[in-house]
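Asker: One structure, as structure tokens, below. Some questions next.
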């Protein structure tokens, strides 16, 4: 029987299930500073749940309802169905900090002064990753180096619970774009990812070998500049490409708050000062099997999505009085941006017996993610009926939910097996007629790094990086898939041991002939999957014709022998498939790479 922890929250008592993380999750909680020094597991869990539901009273929620919902969400966390972003877990109920994961910093960087440093560090100290647009400045390299040095100094203080990560962005038309693209070749800029914001006009000229005009009227060969970018991406993984104009094309309030940059992993666009609150659904927990038939529990997925939407809206409300700058508070009140993401896609596909690059795998991913987007928006409408709409819903002429057909064009034109065009039309009509919508965006696909570790699954929409876990044992999901594949064979035990031995030696299942080809195909890791498959997955779920509000943090992992021409082909393919961002990483190209692929 599960023991319970009784938590007194004001006049409400929450009876919370005992939180028992795995050994790996425990290490992440402790080593990552997510748990406070000296904090117990029960104290950590109490702190997070209490903070997230402390705002319910101001919405007039009855105490009994708050208790029911809080306990339901706590149960989902304990069972690994869902996990808030780790900045939220770190900050909730601690140090009067906001619960956001990321911000695009909104202020002038022309002066390297103490006031600028204080403001920037105030966001860092709330465990936010930051995005910077260097396009307005004459010397973006100097600013990049100054900010990276600031991060080095701040990290040395030991005051931070999270690695300080940033995105440095520069538009393709900037006169310094070539030097900026090569920044990591000559400098140690470990606190920055860098990306070039490319226009569709530039990419078209690069495809055709035509000239392109920079902001200073200098004309350059677009194809040569793209080759230069590809060379440095090949060399060390930076820069990536951003298509910010595409992100703004999908921004329903671009006329009100145009995106000015992205977080460190480019999973969404953000206006100046804007932040986002993330939470993740573990898809691997939603697979149901009776031995012969495998299906996804959409009823449970709907309940999880609706509850997570409410919790993340609570997180926005909690943060309003705690942002380092008023602009972040104001734009959070305007848009109330939240980002429901996923993890465990690789395990889910494996349970269904689907190779990552199969069309059926992308179809299933679209079905699942469109369902989450749809359910989260209905939940946002219902929250608005109870709590009021975000302020952007008062701007009818500047809001494409109200003055346009945002949902019908983005989602209804490409329905899925789980959400029909008629479903989207009904939702759009409800929003237009009532003006009710609590959150302008509800879904995104962030990297889900540490949060995925806390629920013991793979990150975001990535395939398996390796056949080994971080403990250097074979991936449990892969072993389970092997056992299913060999079921019924009179030598099942011996074959399973043989396959696991051979795979452990080779680091791959691909050369093991005793396994059927279909099974081997399902067990390929990131660098064993063709680059085009990575691109097609992103295009289908998060490109211009995708099923999420925002972009996806996705890296195309490439083998060491990949050429610069191969990288260039990936960049062109990302453009042609309607992606909003792309990054590549060639195995072994960076000495300190975080994980052997």
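Throughout, read-outs are computed from the coordinates displayed, never taken from laboratory work. These figures come from a predicted structure and were not determined experimentally. With ideal geometry, Cβ positions are generated from the backbone for all residues, glycine too; neighbour counts draw on all protein chains shown.
Asker: Would you compute the Debye intensity of the chain from its alpha-carbon atoms alone, equal scatterers and no solvent, and pass along log10 I(q)/I(0) at q = 0.05, 0.12 Å⁻¹ to two decimals?
Answerer: -0.21, -1.29
Asker: Also, quick follow-up: Over its Cα atoms, what ratio of radius of gyration to 2.2 N^0.38 Å does segment 492-570 give? Walk me through the numbers before you get to the answer.
Answerer: Details: Rg = 16.5 Å, N = 79, 2.2 N^0.38 = 11.6 Å.
Here the Cα radius of gyration is 1.43 times the empirical estimate.
Asker: Relative contact order for the chain: what percent, with Cα pairs under 8 Å and sequence separation of 6 or more?
Answerer: Reported as a whole number, the value is 16 percent.
Asker: Can you tell me the equivalent ellipsoid semi-axes for segment 102-249? Use √(5λ) from the Cα gyration tensor, largest first, whole Å.
Answerer: Listed largest to smallest, the semi-axes of segment 102-249 are 29, 15, 14 Å.
Asker: What is the distance in Å between the Cα centres of segment 489-537 and segment 108-179?
Answerer: 43
Asker: Here is a further query. Starting from the 7 Å offset along Cα-to-Cβ, what nm value, one decimal, do you get for the label separation of residue 293 and residue 235?
Answerer: 5.7
Asker: Alpha carbons only, please: Rg and Dmax for segment 256-385, in angstrom.
Answerer: Values for segment 256-385 (Cα only, Rg and Dmax): 17.2, 56 Å.
Asker: Continuing with the same structure: What is the pair-distance distribution P(r) of segment 392-457, computed from all Cα-Cα distances in 5 Å bins starting at 0, with each bin given as a whole percent?
Answerer: For segment 392-457, the pair-distance distribution reads 3, 15, 20, 18, 13, 10, 10, 8, 2, 0.
Asker: Same structure again: Per 5 Å bin, what is the whole-percent P(r) computed from every C-alpha pair distance within segment 174-244?
Answerer: Histogram of Cα-Cα distances, whole percents per bin: 3, 17, 28, 27, 15, 8, 2, 0.
Asker: Sorted by packing (mean other beta-carbon atoms within 10 Å per residue), highest first, where do 574-582, 512-520, 403-411 land?
Answerer: Going by the mean number of other Cβ atoms within 10 Å, highest first, we get 574-582, 403-411, 512-520.
Asker: Can you sort 564, 431 by how many other beta carbons sit within 10 Å, fewest first?
Answerer: Numbers: 564 16, 431 23.
Lowest to highest Cβ neighbour count: 564, 431.
Asker: Here's something else I'd like to know. What spacing in nm lies between the two simple spin-label points modelled at residue 563 and residue 517, each 7 Å away from Cα in the Cβ direction?
Answerer: Rounded to a tenth, the inter-label distance reads 2.7 nm.
Asker: Here's a follow-up. Per residue, how much space in cubic angstrom lies within the convex hull of the C-alpha atoms of segment 467-524?
Answerer: Cα convex hull per residue, to the nearest whole number: 73 Å³.
Asker: Using helices alone, what [θ] at 222 nm do you get for the chain, with -39,500 (n - 2.57) per DSSP H run of 4 or more residues, divided over all residues and rounded to the nearest 500? Provide the component values of the computation, followed by the final result.
Answerer: Working: 22 runs with 256 residues, N = 597.
Mean residue ellipticity, 222 nm, calculated: -13000 deg cm²/dmol.
Asker: Treat each spin label as a single point 7 Å out from the Cα along the C-beta direction, and report the residue 185 to residue 216 distance in nm.
Answerer: 1.8
Asker: With a 10 Å Cβ neighbour count serving as the proxy for reagent exposure, in which order, fewest first, do 450, 303 appear?
Answerer: 303, 450
Asker: Return a whole-number percent for the relative contact order of segment 102-249, with Cα pairs under 8 Å and 6 or more residues apart as the contact set.
Answerer: Relative contact order here is 20 percent.
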